[in-house]
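A short write-up of the structure that comes next.
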Amino acid sequence: MKKIIFHIDMNSYFASVEQQANPFLRGKPIVVGGKEGSRSVIVAASIEAKKFGIKTAMPTFEAKKLCPNLIFLEPDGSKYMQTTKMFLKIFNQFSDKVEVFSIDEAFLDMTGWCKNWQSARDKANKIKFEIKQQIGERITCSIGIATNKLLAKLASDMQKPNGLVVINEKNKIQVLDSIKLDDFCGIGRRILQRLENIGVESVKKLRQYPVEKLVREFGPFYGQKLKDMSNGHDDSVVISAEQEAEVKSISRAYTLPYDTFDKQEILQVLLHLCEKCGRELRHKKLAGRTLQFFWRFSDFTHSGFRVTLDSYINDSLELYKRGLEILSRYRLPSAVRLIGIRVSNLAPNSRQIPLFQADRQRFELVPYLDQINDRYGELTVKPAHLLKLSRLRKKIGGFRQGSDDFS
């Protein structure tokens, strides 16, 4: 039996949550972002605001020109995270394999839960109904159904808002040939330009282009991936947090509430991620040698670096220092929207007591700090640099486990 995968994407999520919470805002053009008149950008726009041409990442002053009556709201991360927990609870009633992709979207493996495509449609409509009943009528979602994650995500973008699209073997090629190359998740502005430079300007041309030439241009990994995209192939599986058996790596990633070039803010978030990653390593009594720091840009392209150390580490500050050393010198070509760290090449922690007194004092102190945080809540005790991050945590949800592989 072929797989049946759902991709569920909440519509105008932050704005819809605000409208659900405040009836006064319903039916009105609203945006979530910075204060009116500030130099920030739009994080989310309501369906009513989108009718004026307002889009995510648009500067607030430009949005105001398009819609003089636009209502501006500052983000409320705790409210959005609470709503996310509610819809994830609903998803888990329909499948035992739910993979959180971001704060407002998730993949569900419905194989075995649906007999056929009509059964899948029925389940999708039932999910929509439960969201409306349990969370509110303003919270809607678009659902894509296909045989893999690539096509399911593509399908969820095709009919917004509140859409339901199925891509199967009968209509797959027709759908693929009707979309643009950058409709694929993973083809951003720079990759698109490189494809156009070699004469590949459509999905159909990409499918016809020799894979050997793609490999020469983009390398063996991404060249083959582009070819698979053009054919609608994707072997990645939906993996829930509970299904992770043997720990092969520990990772954390965070999607910023807005795209930014601000190195100080990026490094503050990185320090937070290193604190969380190091704490989990110590909790599992593990240490790692290979560190991967990665980031995704505003056009959904990505970059990063990997380093393998001579010794195993699990100290959060040491993790951060390794990232700081290179990232501080790195020139960002585009604004950053996601930051992450992954520690792999793991082994049971058997680190020796450090030689120098300052390092030895921290070595002895860290277990007690972990105990305090375990008892009184995450990051009750934290580096002073992270005090500024309370603003970010209120603006957008928690720092989730990373799942992006940019190797």
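None of the figures in this text is laboratory data; all of them are computed from the coordinates on show. Only a predicted model underlies this, so the values are computations on that prediction, with no experimental measurement involved. Cβ placement follows ideal geometry from the backbone for every residue including glycine, while neighbour counts extend to all protein chains displayed.
Brief remarks on what is shown
- Seen from residue 113, the other residues with C-beta closer than 14 Å to its C-beta sum to a net charge of +4, counting Lys and Arg as +1 and Asp and Glu as -1.
- Within the shell of other residues whose beta carbon sits under 14 angstrom from the beta carbon of residue 208, the net charge comes to +2, with Lys and Arg scored +1 and Asp and Glu -1.
- FRET efficiency for the residue 215 to residue 179 pair, using the beta carbon distance and R₀ = 25 Å, is estimated at 0.60.
- Low-density loop positions, trypsin sites (Lys or Arg not before Pro), the stretch 45-115 - DSSP coil, at most 12 other Cβ in 10 Å: 51, 115
- Net charge over other residues, Cβ less than 12 angstrom from the Cβ of residue 21 (K, R count +1; D, E count -1): +1
- Relative contact order (percent, whole number), the stretch 1-170, Cα cutoff 8 Å, 6+ residue spacing: 29
- Remark: for residue pairs 97/153; 64/180; 51/79; 97/180; 97/263; 55/213, the C-alpha separation exceeds 28 Å in 64/180; 97/180; 97/263; 55/213.
- Put in order of Cβ neighbour count within 10 Å, fewest first, the listed residues 295, 113 become 113, 295.
- Between residue 88 and residue 51, the C-beta separation translates, for a Förster distance of 25 Å, into a calculated FRET efficiency of about 0.25.
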